[in-house]
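Report on one structure; see the data block that follows.
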Amino acid sequence: MNNPLSLWYHNPAPQWVEALPIGNGRLGGMVFGGISQERIQFNEDTVWTGAPHDYAHAGAAEHFPTLRQMMLDMVELERAERWDEATALQKEAEALAMQHFMSIPLGQKSYQPTGDLWINFPEHRDVEEYQRGLSLDDGVSYTSYIHDNIAFQREVFASYPDQVIVVRLWADKLNAISCNISITSPHVDASVSPIENDGLLFEGQVEPNGIRFAARLAVEVKDGSLVATADSLQISDASEVIITLTAASSFVSYQDISADARARCRLVMDAVRDKTFDQLRTRHVADHAALFNRVALTLGDRKQKEEQTQSTLERLLIDEKTDDVQLFVLYFQYGRYLLIASSRPGSQPANLQGIWNDKLEPPWDSKWTVNINTEMNYWPAELTNLSECHEPLFDLLAGVADTGKQVAHVHYGARGWVLHHNSDIWRGAAPINHANHGIWPTGGAWLSQHLWWRYEFTGDEAFLRTRAYPILREAALFFVDILTVDSATGWLISPLSNSPELGGLVAGPTMDHQIIRELFENVITASEILGVDEELRQQLSELKVQIAPNQIGQHGQLQEWLVDKDDPDETHRHVSHLWGLHPGREITEETPELFAAAQQSLRYRGDAGTGWSMGWKINFWARFKDGDHALMMLNNQLRLTGSDQTVYEGGGTYPNLFDAHPPFQIDGNFGATSGIAEMLLQSHTGMIELLPALPSKWRSGSVKGLCARGGFEIDIEWQEGRLVGAQVRARLDGECTVRYQAKSITWQAQKGGEYDFDGWLNER
């Protein structure tokens, strides 16, 4: 496995977090690479617990004024340093909210595993030259070994064009393959039966009155024989075996679960029945490569890249990884691979575990947590040239904007729509779990930033008009209605919220105000572009400047709260009040005092954290233009977690490069990919900045295909730590400013134009 863009190992995966992921957005598989028994655990992205349900709490709005006033009174007690009274009032408000303001039921539903495909080779035990791996650039998992002087090989991939998982078993000797194929499920209400003499039909239901699911498997055998039993297929003396698997559920929408899962599977299998393995593989690779190959990153010299002889696990076992620059290339591209595999047009968005889950009770229900995690999943989408992979998130937004309108009315008596800190496949939008973290009304506003990013990066005015602006506008209307005057300052504040996930129920957390200001600004700009809503535009412009500003506290920190009560010894994994630095844009070098205060806050929070927390901190340090600190955070995030050799308890990376919260959450993978891109290219300030946070150890390298706001695609090359060349390709007409260190150039770019720089500012 000499491909530098491969994960590879010398042994089968002993546990799920060492198996290798494949996916096509809708179907996901975890390939273990077993010898005598291969396991491919698979998921279909609409298999969830629950059923269509309205989570709103009738009568909640009657209690909103009381809760709001309690929070305003709490702020005044804190200003008077009557801390015990403030805490008591906070607990009283949380108790009231728990009784009258929370979601019904209090929790949401969970993403579920679908089944397991088993391929048993009873004679295969002692083998030589074992290797398994995952090739990122073609999206194929491989397993190979020699048994009894015969070379055996497996290939597994999940095809987006054909909506199937495909397995090829091959040997270099005729009639050498004998195996048994079966499917099982952790769901008790599941059954398997043979179908059409060469396949299996697998059906089940998650829970009574809930989602029904099915999987269908077909086997093609070259030479040898195939015999169907009651629940499996026996293959004897074959030279090659091709297994094709698809799965589906009865889910139509968050309001409808009436589809025929079996019929859906049949349609897919009928469509691929006459396709050969080579045709299926060629279509899959072409589709995958069309996305994956848009961006290429190289670090170090070519010889170092080509001579990688250590397995992925061996590389992770090295404590100091900053000298293994190709590991960072692999990790960057792995994040892009995972987004391609877990989020494609027509699928559900990538959830807390992407699309991969083997547990009936997964961590945090494996749903969409929107106080950082879901957004982090999509930070690389536009930046690393995977705009199409953003589509499922926009579909989610359309759903929660609908359900969130009901929640805004029933809980707040407000217009517009609201989403709190979690959603599920039923598009729950009401506050869940507990008032001390669940009442956080800016989750939808944060998600809406992604709609604006799509427009910023692509300039797609039709998308802005028809899909983005209606959702952005309604999100803003909610805050027009609930923003409340703080009597002591005259500022508008968010009156009932949290600072995720620290401190309990409060009024006026800094993060809320940063998000709301950016939401208002995006709606103002969009309305100007579209020539609509002049009156609303004026109203938002007036309100935006009245929102409580960022404040610098007694420790030189950016305040997290309306009152200066930050604890400099607090090392919580959330650094919510730095949202305005990243992914927001209001704290930059152009606001030097706030920039320094944000950095002070981040130093207080420290360099530790869960996997996703470290992923966010990589992006923070990139925005601070400190590439060496960002690289140190990358090194920390790549600490090995959960293998037999070593365990790092504070968060890190599993042997298969999955992010370890721990347990597994995929957001850290995406956050790190975004962070590496931000180290090399930034465009949030209105200009394209090249190599803003280049680590000193990344002396030479190049990146091709990163994207910048304004509709630009960028290639960059550097040597000995200095820029030596760049190319800007314009997808749109418009002004372009490019900056490197203290130098910049501005010109009017034309759509289709390519602008080359040799050295710096010497346009050819």
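Tally up the carbon and sulfur contribution to the accessible surface of the chain as a whole percent, 1.4 Å probe, everything protein left in place. Could the numbers behind the result be given before it?
Working: 12150 of 26490 Å².
Taking all protein chains in place, the chain shows 46 percent carbon and sulfur surface.
Using alpha-carbon pairs under 8 Å, 6+ residues apart, how would you state the relative contact order of region 314-455 in percent? Spell out each step's value before the answer.
Numbers: 186 pairs, mean separation 28.7, N = 142.
Rounded, it is 20 percent for region 314-455.
By a straight-distance test (C-alpha under 15 Å), which aspartates and glutamates pair with residue 617 as possible cross-link partners, with residues fewer than eight away in the same chain excluded?
Output for residue 617: 375, 607, 626, 628, 659, 667, 678.
Suppose every K and R has +1 on its Cβ and every D and E has -1 on its Cβ; what is the size of the dipole of region 439-536 about the Cα centre, in Debye to the nearest 20? The partial results should precede the final answer.
On the way: 5 positive and 14 negative charges, 47 e Å.
Roughly 220 debye for region 439-536.
For region 422-525, build the charge dipole from Cβ charges (+1 Lys, Arg; -1 Asp, Glu) around the Cα centre, then report which of 492, 446, 471 sits farthest towards its positive end.
471
Mind listing the Cα extents of region 563-639 along all three principal axes, in Å, largest one first?
Principal-axis extents of region 563-639 (Cα, largest first): 35, 26, 17 Å.
In terms of the Cα gyration tensor, with a ≥ b ≥ c the square roots of its eigenvalues, is region 663-740 rounded because a/c is under 1.5, prolate because a/b exceeds b/c, or oblate? Write out the running numbers ahead of the final one.
Working: a/c = 2.20, a/b = 1.22, b/c = 1.80.
Verdict is oblate for region 663-740.
Distance from the Cα centre of region 317-339 to that of region 687-763, in angstrom?
Each part reduced to its Cα centre gives a spacing of 24 Å.
Using only alpha carbon pairs under 8 Å that are at least six residues apart, calculate the relative contact order of region 541-666 and give it in whole percent.
On the way: 174 pairs, mean separation 22.4, N = 126.
That works out to 18 percent.
In degrees, nearest 10, range 0 to 90: what is the angle between the Cα axis of helix 667-680 and the longest Cα principal axis of the chain?
70
Just for the Cα atoms in region 494-637, what are the lengths along the principal axes, largest first, rounded to whole Å?
Extents along the principal axes: 49, 30, 26 Å.
Quote the relative contact order of region 618-757 in percent (integer), defining contacts as alpha-carbon pairs under 8 Å separated by 6+ residues. It would help to have the intermediate numbers written out before the result.
Numbers: 285 pairs, mean separation 24.4, N = 140.
Reported as a whole number, the value is 17 percent.
Between residue 754 and residue 466, what FRET efficiency comes out of the Förster formula 1/(1 + (r/R0)^6) with R0 = 51 Å and r the beta carbon distance, rounded to 0.05?
Details: r = 31 Å, r/R0 = 0.61.
The value I calculate is 0.95.
Write out the GluC sites (Glu not before Pro) in region 256-360 meeting two conditions: DSSP loop, and at most 14 other Cβ atoms within 10 Å of their Cβ.
Working: sites: 306, 307, 314, 320; in loops: 307, 320.
Passing sites in region 256-360 are 307, 320.
On a straight-distance basis, which lysines could pair with residue 359 in a cross-link, Cα separation under 28 angstrom, same-chain partners fewer than 8 positions away excluded?
109, 367
Taking the Cα centre of region 610-754 as origin and charging only Cβ (+1 Lys, Arg; -1 Asp, Glu), how large is the dipole, in debye to the nearest 20? Mind showing how you got there, number by number?
Values: 14 positive and 15 negative charges, 69 e Å.
It comes to approximately 340 debye.
Name all residues of region 15-47 having a backbone nitrogen under 20 Å from the label point set 7 Å from the Cα of residue 172 along its Cα→Cβ direction, giving them as ranges.
35-36
Averaged per residue, what accessible surface does the chain expose to a 1.4 Å probe, in Å²?
Details: 26490 Å² over 764 residues.
Counting only protein heavy atoms, the per-residue value for the chain is 35 Å².
Please determine, in degrees from 0 to 90 and to the nearest 10, the orientation of helix 611-623 with respect to the longest principal axis defined by the Cα atoms of the chain, where the helix direction is its Cα long axis.
Once rounded, one gets 60 degrees.
Which lysines have a Cα less than 25 Å from the Cα of residue 222, not counting those fewer than 8 places away in the same chain?
173, 275
Taking the Cα centre of region 383-435 as origin, sum charge times position over the Cβ atoms of Lys and Arg (+1) and Asp and Glu (-1), and report the length of that vector in debye to the nearest 20. Please report the intermediate quantities before stating the final value.
Details: 3 positive and 5 negative charges, 65 e Å.
So the dipole magnitude of region 383-435 works out to roughly 320 debye.
Going by alpha carbons, how many degrees (0 to 90, nearest 10) lie between the helix axis of 592-605 and the longest principal axis of the chain?
The angle comes out at about 50 degrees.
Given all pairs of different Cα atoms, what value in angstroms does the Kirkwood hydrodynamic radius of the chain take? Can you show the working numbers first?
On the way: mean 1/r = 0.0369 Å⁻¹.
Hydrodynamic radius (Kirkwood, Cα only) of the chain equals 27.1 Å.
According to a simple spin-label model (label point 7 Å from Cα along Cα-to-Cβ), what is the distance in nm between residue 188 and residue 596?
6.5
Using the Karplus curve 6.51 cos²θ - 1.76 cosθ + 1.60 with θ = phi - 60°, work out ³J(HN,Hα) for each residue of region 403-418 in order, rounded to whole Hz, and write x for Gly and Pro.
With coefficients 6.51, -1.76 and 1.60, one gets 5, x, 5, 5, 5, 4, 6, 6, 8, 10, x, 10, 7, x, 9, 9 Hz.
Roughly speaking, what is the stretch gain from residue 256 to residue 196, that is 0.36 nm per residue apart minus the C-alpha to C-alpha distance, in nm to one decimal?
Values: separation 60, 0.36 × 60 = 21.60 nm, distance 3.08 nm.
Gain on extension, residue 256 to residue 196, equals 18.5 nm.
Go ahead and estimate [θ] at 222 nm for the chain from helices alone: -39,500 (n - 2.57) per DSSP H run with n ≥ 4, summed, over the residue count, rounded to 500.
One gets -10000 deg cm²/dmol as the mean residue ellipticity at 222 nm.
Among 296, 284, 219, whose Cα projects farthest towards the positive end of the dipole of region 178-336, with charges put on the beta-carbon of Lys, Arg (+1) and Asp, Glu (-1)?
The residue sitting most towards the positive pole is 296.
Toward the positive end of the charge dipole of region 655-714, about the Cα centre and with charges on Cβ (Lys, Arg +1; Asp, Glu -1), which of 710, 655, 688 goes farthest?
Comparing the listed Cα positions along the dipole, 688 ranks first.
The values are calculated or read from the model by the stated rules, or taken from the named source; none is laboratory data. On a predicted model such as this, the values are computed, not experimentally measured, just so you know. Neighbour counts run over all protein chains shown; Cβ positions are idealised from the backbone, glycine included. With ligands, DNA and RNA removed, areas are computed over all heavy atoms of the protein, side chains included. Shrake-Rupley method; radii C 1.70, N 1.55, O 1.52, S 1.80 Å.
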